[in-house]
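Inspection log for the structure reproduced underneath, given as structure tokens.
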Amino acid sequence: MCREPGCSSWLLFAACAHLFFLLPPHRSRGEWPGPGHGEAKGGDPGRSAQLKEIVFIIQSQSNSFHSKRAEDLKRDILKQAADLEKELPTVLLLHQIDGHEGAWTILPLMRDFSVTYGRNSSWIFFCEEDTRIQVVKLLETLGRFDKSKEWFLGKALYDEESTIIHHYAFAENPTAFKFPDFAAGWALSIPLVNKLAKKLKSEPLKSDFTIDLKHEIALYIWQKGEGPHLTPVPELCTDDVNSHKADQCATTFSNFLPLCGEPVKKEDIFVAVKTCQKFHGDRIPVVKQTWEREAALIEYYSDYTDISIPTIDLGIPNTDRGHCGKTFAILERFLYHRSLRTPWLVVVDDDTLISIFRLRKLLSCYDPNEPVFLGERYGYGLGTGGYSYITGGGGMVFSRIAVEKLLASKCRCYSTDAPDDMVLGMCYSGLGVPITHSPLFHQARPMDYPKDYLAHQIPVSFHKHWNSDPVKVYFTWLAPNTEESLNGKKVGYNREDL
């Protein structure tokens with residue numbers, strides 16, 4: 001993959017392929033709701049903010065499950081406002097704001113926010129679909145800050161050690177740089193929004209990777225120390241709504257794994273593991289010691305047939321990186337060469353650790369009759385009309401119809417060793433099939449993420465074995481707990497040890 005040091009040449013490949021296969025998405029402007037009535041008065045710390053001067057942005061997605069959850073949150077915010085007999089605030093769903101595929105990265109929208117809300121609003125408040133907001137408490141909290149100043153507010157996260165997902169930033173002291181936990185909600189004052197909009201006009205965003213949006217937004221706002229740092233706000237919380245701490249919180253966050261009815265049956269998920277001969281002896285045994293038993297249907301695809309595993313040779317030579325040829329061969333085998341019409345396909349690397357048990361619960365919330373392409377979302381060149389994709393290491397989940405749409409198109413690998421996940425993203429972008437993001441899939445190891453961030457998650461996957469004990473990671477983070485156990489016995493470890 002071209003996200004890691006030493007493989008920058010993939011940037012050129014990805015950009016060329018994008019131009020070859022697809023035209024840049026047309027930036028069609030959606031309807032922007034008008035600002036609230038009346039000019040925002042000067043900021044006065046110590047007083048409650050005016051509700052009509054807050055623009056709520058719910059970081060929503062177009063998939064039916066996610067859009068419904070976002071609509072529910074929007075209704076809740078507006079109901080609280082109506083109960084207060086206050087003038088209603090503006091509440092927007094991010095996926096409805098703009099036809100530009102990069103809207104989810106937020107920064108490309110700053111100019112629109114500035115033009116539309118720059119005169120009549122005081123705050124832009126961002127939250128996730130599962131964030132719960134106590135409107136009165138939020139008004140009191142924002143009222144502590146002078147709205148005429150530049151403010152970047154949120155619950156602070158930080159790296160305990162430098163990590164590849166943040167390009168090893170602040171290697172000498174990674175704890176020094178703080179970035180917001182989106183689950184708790186975060187806010188920008190309008191003066192800061194206006195400043196960012198002006199900067200983006202003169203210095204457009206670079207066409208590079210979006211990997212960890214919350215960290216990258218904080219870096220852009222920080223401006224190498226010339227811009228504001230994140231100001232930690234204790235009332236912006238990720239505690240559960242039923243926690244004893246919740247009374248002090250303006251926001252809370254539900255720590256749960258979505259379940260929408262009965263979990264998907266084991267037999268409805270087909271798992272494809274990408275491997276090669278050189279990893280048969282060390283990576284495949286880890287899969288067999290950990291999560292293989294959770295999968296009813298699983299096949300290992302390699303460049304060599306090994307009946308002891310067993311592996312299937314797809315006739316595609318192994319490549320050092322990319323694996324596009326192998327992945328498309330897997331998709332074709334799933335669709336055309338298997339007698340069972342399994343609704344779901346999961347493609348993972350041989351060093352992916354995944355909980356199929358939890359995935360079955362999660363997939364109960366998605367309609368297999370929709371084209372679903374699910375996992376951890378990354379972006380490439382989204383500031384200039386690029387595309388989103390599901391990063392492969394955390395696992396890529398496809399509904400059957402999504403595979404059908406892809407293979408019915410003429411979009412294919414531009415080379416056998418092209419980055420498979422990026423090519424899939426380009427293809428689905430051209431087909432108008434949205435990428436569906438879940439923060440429960442992880443491209444890296446647990447130690448590469450802030451502990452506070454993982455504390456309010458029930459993760460589905462992690463990736464990479466280097467400098468860690470993968471079996472220990474699995475039984476610590478992903479194995480079914482006592483109530484969910486596969487054999488009535490739990491093997492547990494202390495997460496603080498990892």
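For Leu335, the conditions (1) of a type outside the set (S, T, N, Q); (2) open to solvent by 50 Å² or more (accessible area, probe 1.4 Å); (3) modelled with pLDDT of 95 or more are fulfilled apart from (2).
Here Glu140 passes the criteria (1) part of a helix (DSSP H, G or I); (2) surrounded by fewer than 19 Cβ atoms within 10 Å (Cβ to Cβ); (3) without any contact (Cβ under 8 Å) to a residue 60 or more places away in the chain except the one numbered (3).
Comparison of Asp320, Asp367 shows that the only residue that is over 25 Å from Asn63 (Cα atoms), assigned by the TED database to the domain that holds Tyr304, in a loop (DSSP other than H, G, I, E, B) and of a type outside the set (A, V, I, L, M) is Asp320.
Here Asp306 fulfils each of the conditions (1) under 25 Å from the mean Cα position of the chain (by Cα); (2) of a type in the set (D, E, K, R); (3) surrounded by fewer than 17 Cβ atoms within 10 Å (Cβ to Cβ) apart from (1). Just to be sure before I move on: is Phe179 closer than 28 Å to Gln457 by Cα and open to solvent by 20 Å² or more (accessible area, probe 1.4 Å) in the structure I sent? It is false that Phe179 is closer than 28 Å to Gln457 by Cα and open to solvent by 20 Å² or more (accessible area, probe 1.4 Å).
Does His456 count as open to solvent by less than 20 Å² (accessible area, probe 1.4 Å), at pLDDT below 95 and either of a type in the set (Asp, Glu) or touching a helix residue (DSSP H, G or I) at 6+ places or on another chain (Cβ under 7 Å) (or both)? It is true that His456 is open to solvent by less than 20 Å² (accessible area, probe 1.4 Å), at pLDDT below 95 and either of a type in the set (Asp, Glu) or touching a helix residue (DSSP H, G or I) at 6+ places or on another chain (Cβ under 7 Å) (or both). None of Gly425, Gly381, Gly395, Gly385 is in contact (Cβ under 8 Å) with a residue 40 or more places away in the chain, open to solvent by less than 30 Å² (accessible area, probe 1.4 Å), within 19 Å of His166 (Cα to Cα) and of a type outside the set (Asp, Glu) except Gly381.
Hey, any hits in the stretch 60-80 for a residue that's at pLDDT below 95, assigned to a helix (DSSP H, G or I) and surrounded by fewer than 18 Cβ atoms within 10 Å (Cβ to Cβ)? Checked against the condition, which is being at pLDDT below 95, assigned to a helix (DSSP H, G or I) and surrounded by fewer than 18 Cβ atoms within 10 Å (Cβ to Cβ), the stretch 60-80 yields no hits at all. Of the residues in the stretch 144-167, how many are more than 22 Å from Gly227 (Cα to Cα) and open to solvent by less than 10 Å² (accessible area, probe 1.4 Å)? Within the stretch 144-167, residues that are more than 22 Å from Gly227 (Cα to Cα) and open to solvent by less than 10 Å² (accessible area, probe 1.4 Å) number 1. Cβ-Cβ contacts under 6 Å between residues 6 or more apart (or on different chains), taken from a first residue in the stretch 361-374 that is surrounded by fewer than 21 Cβ atoms within 10 Å (Cβ to Cβ) to a second residue that is assigned to a helix (DSSP H, G or I), are listed as Cys365/Phe65.
Of the residues making up the stretch 431-451, one or more are part of a helix (DSSP H, G or I), open to solvent by less than 40 Å² (accessible area, probe 1.4 Å) and in contact with a helix residue (DSSP H, G or I) (Cβ under 6 Å, 6 or more places away or on another chain).
The values are calculated or read from the model by the stated rules, or taken from the named source; none is laboratory data. The model shown is predicted, which means the values in this text are computed figures rather than measured ones. All Cβ positions, even for glycine, are placed from backbone atoms using ideal geometry, and neighbour counts span all protein chains on display. We work out accessible area using only protein heavy atoms, side chains counted, and drop any ligands, DNA or RNA first. Shrake-Rupley method; radii C 1.70, N 1.55, O 1.52, S 1.80 Å.
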